[in-house]
Amino acid sequence: MSGEMLTVEQRERLRKQMLTKHYLASILTHWFNAASWIFLLSTGLGILLSKTYDFTPPGWNELMRSIFGGLAPLIHWHEVMGQIWLFVLSFNVFFGFRKYFMPFVAHRMWMTKDDFTWLKLKLPHMLGFDVELPPQDEYNGGQKLFLYAVVVGTVVIGVTGLIMTYSELIPIEYQWVIQWAMPIHFVAVGLVFAGVIIHVYMGAVMPEERSAFFSMFTGKVNGLYAYLHHRKWYERKMAEKAAWEARYRAEMDAKLGDPLMGAEETPTD
Amino acid sequence: MPTVKRYAFVIDPRRCIDCRACLVACRAEWNVPLGHTRIWVHDGGVKGTFPDLYREFVPHQCHHCADPWCVQACPTGATYQREDGIVMIDEEACIGCGLCVNACPYGARFRNPETGKAEKCSACFHRVDQGELPACVATCVGGARMFGDLNDPESEVSKAIKGRRVYRLITDEVDTQPMTLYLAPIESEGVYPRPPEPLPAETFWKRVALPLVKGAIAATFLAQAGAFLLQLLKGEDEFEEA
């Protein structure tokens, strides 16, 4: 980033500026998703028997089965919460299609030339090579790429989960569908979780991104963070703000020029 | 007398007349859907050499093996083994994936088309726990089927095998330590276990999915741990922070 080109005064001015990065709906969805992941991952690991597939940490099967009162209730709760999770996420997509989903796809998933360049140069940049990273939009190339994994993963996890939940409806000729749903569910969860480890580190621990972490509670980021990490987005936001201000001024001017408003009510300097 | 029971079926095939009353009793006890059965009587045809000929009937069912492959195949433990040796299916937990059905080398399991769950002989555990015999044993008119606790020297099965040679349906390749003991050698090949045939999904899970997921999680965990270490070594710059 070309943050070093900023003067101290510019940095301070930017730091005081607050921009809205997340709407309330996105914040709630994010934390609902996080809580669901904690619940579903814990119960899912409790279901997968470590004796059969050496994966679940020792004792976890017993712990989860004891908490829920056995394997059957544990599976039941996993299925119920999994379906609530899917319902809320898909409800968000369909209910907020225009308001949230389309901008989400446009800003978070659409890969531009700059995103690909960023992906290519990020590693050399991290390793200290003298490369200039292109300006990024609201989300950088890496975040967009992770989002693809999350979206594809969520769909795969959801479909395979529903197959297992309603497995009794599947005729015996198609039993292979249930058989494949299990390891595919496992792989999808495992790979998304591998990404989540990085996501949590970058979002909550890494100092450069601390502003992004708090934005998941307040919805706001400061201007300096936006300028340094998401220049394109910052500039677009500023342009949008300027456009809104111009529109507002024009509206005010129009109202002020309205003879019905009366000259005596017109505020004067 | 040991406190832990070890249940087993003891079968004297020479006493079986293929009346199949056991199959009827089992169906009535468990409401087994038509077209399926939890127990069988295999008709091996005429065996022996003239003039010592006999017709071989082999009653068989789940052998409640001491090394049950079905239990090893179940990803969740919906199929499990009780301490007394009875191999059980938790119907509420079973999703009917069929891995256990395929894993059983004796073909003693099937997927119930009405419930969508795996099903097999459960040694009538509800009767056994009340001190009764399994329905098939209780109804066997020839006394070919016996059931009881091998750890109890006074049980019918212990007495039946005392001082006698017993035979199990095992091969050089497959020995799951079946707990059905026959009082005569069995010639019919059809009742012997088949070699293991893992399903493609099972192989994928063990050979691809597990190493892939473990590797991916280990890689990202190490990457973030390394980055975190570097972060700690570098220290924080409160004025630089955005």
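Worth a mention:
- Every listed requirement among (1) under 17 Å from A:I170 (Cβ atoms); (2) within 17 Å of the chain's Cα centre (by Cα) is met by B:P105 save one, (1).
- For the residues A:L40, A:L49, the requirement of being at pLDDT 85 or above, touching a helix residue (DSSP H, G or I) at 6+ places or on another chain (Cβ under 8 Å) and either of a type in the set (G, A, S) or assigned to a loop (DSSP other than H, G, I, E, B) (or both) singles out A:L49.
- Search result, residues across region B:130-150 that are assigned to a loop (DSSP other than H, G, I, E, B) and more than 18 Å from B:V58 (Cα to Cα): B:Q130, B:G131, B:E132, B:L133, B:L150
- Filter pass, B:W69 being out of contact with any strand residue (DSSP E or B) (no Cβ under 8 Å at 6 or more places or on another chain) and of a type in the set (F, W, Y): yes
To keep it simple, each residue is scored yes or no on (1) within 12 Å of chain B (Cβ to nearest Cβ); (2) farther than 23 Å from A:H22 by Cα.
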position: A:M126; (1), (2): yes, yes
position: A:D137; (1), (2): no, no
position: A:G141; (1), (2): no, no
position: A:Y166; (1), (2): yes, yes
position: A:Q175; (1), (2): yes, yes
position: A:V196; (1), (2): yes, no
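- A:K113 at pLDDT 85 or above, under 21 Å from A:S211 (Cα atoms) and either over 19 Å from the mean Cα position of the chain (by Cα) or not β-branched (V, I, T) (or both): no
- Any pair with Cβ under 8 angstrom, 6 or more apart, that starts in region B:72-89 at a residue that is on the phi > 0 side of the Ramachandran plot and within 11 Å of chain A (Cβ to nearest Cβ) and ends at one that is among the hydrophobic types (A, V, I, L, M, F, W, C) and part of a loop (DSSP other than H, G, I, E, B): B:G77/A:L49; B:G77/B:A93
- Against the list (1) within 30 Å of A:I184 (Cα to Cα); (2) part of a loop (DSSP other than H, G, I, E, B); (3) not assigned by TED's automatic domain parsing to the domain that holds B:Q72, the condition B:D237 fails is (1).
- Those residues of region B:190-217 which are closer than 25 Å to B:D172 by Cβ and among the basic types (K, R), in sequence order: B:R194, B:K206
- Selection status of B:N151, away from every other protein chain (no Cβ under 14 Å) and touching a residue at least 24 places away in the same chain (Cβ under 8 Å): yes
- Any hit, region B:86-103, residues being in a loop (DSSP other than H, G, I, E, B), out of contact with any helix residue (DSSP H, G or I) (no Cβ under 6 Å at 6 or more places or on another chain) and closer than 25 Å to B:D175 by Cβ: no
- Considering (1) exposed (fewer than 14 other Cβ atoms within 10 Å of the Cβ); (2) under 12 Å from the mean Cα position of the chain (by Cα); (3) not in a helix (DSSP H, G or I), the lone condition that A:E138 does not fulfil carries the number (1).
- Criterion (out of contact with any Phe, Trp or Tyr (no Cβ under 6 Å at 6 or more places or on another chain), touching a residue at least 60 places away in the same chain (Cβ under 8 Å) and either buried (at least 16 other Cβ atoms within 10 Å of the Cβ) or on the phi > 0 side of the Ramachandran plot (or both)) met by exactly one of A:G158, A:G128: A:G158
- Scanning region B:61-69 turns up at least one residue that is in a loop (DSSP other than H, G, I, E, B) and in contact with a helix residue (DSSP H, G or I) (Cβ under 8 Å, 6 or more places away or on another chain).
- Qualifying residue in region A:108-122 (condition: within 25 Å of A:Q136 (Cβ to Cβ), surrounded by fewer than 16 Cβ atoms within 10 Å (Cβ to Cβ) and either within 14 Å of another protein chain (Cβ to nearest Cβ) or among the acidic types (D, E) (or both)): yes
- Residue that is farthest from A:V156 (Cα to Cα) [pool: residues in region A:64-117 that are acidic (D, E) and in contact with a helix residue (DSSP H, G or I) (Cβ under 6 Å, 6 or more places away or on another chain)]: A:D115
- Residue check, A:M182 more than 14 Å from the chain's Cα centre (by Cα), under 22 Å from A:W31 (Cβ atoms) and within 9 Å of chain B (Cβ to nearest Cβ): no
The values are calculated or read from the model by the stated rules, or taken from the named source; none is laboratory data. Because the structure is predicted, anything quoted here is derived from the model rather than measured. Backbone-built Cβ (ideal geometry, glycine too); neighbour counts: all protein chains shown.
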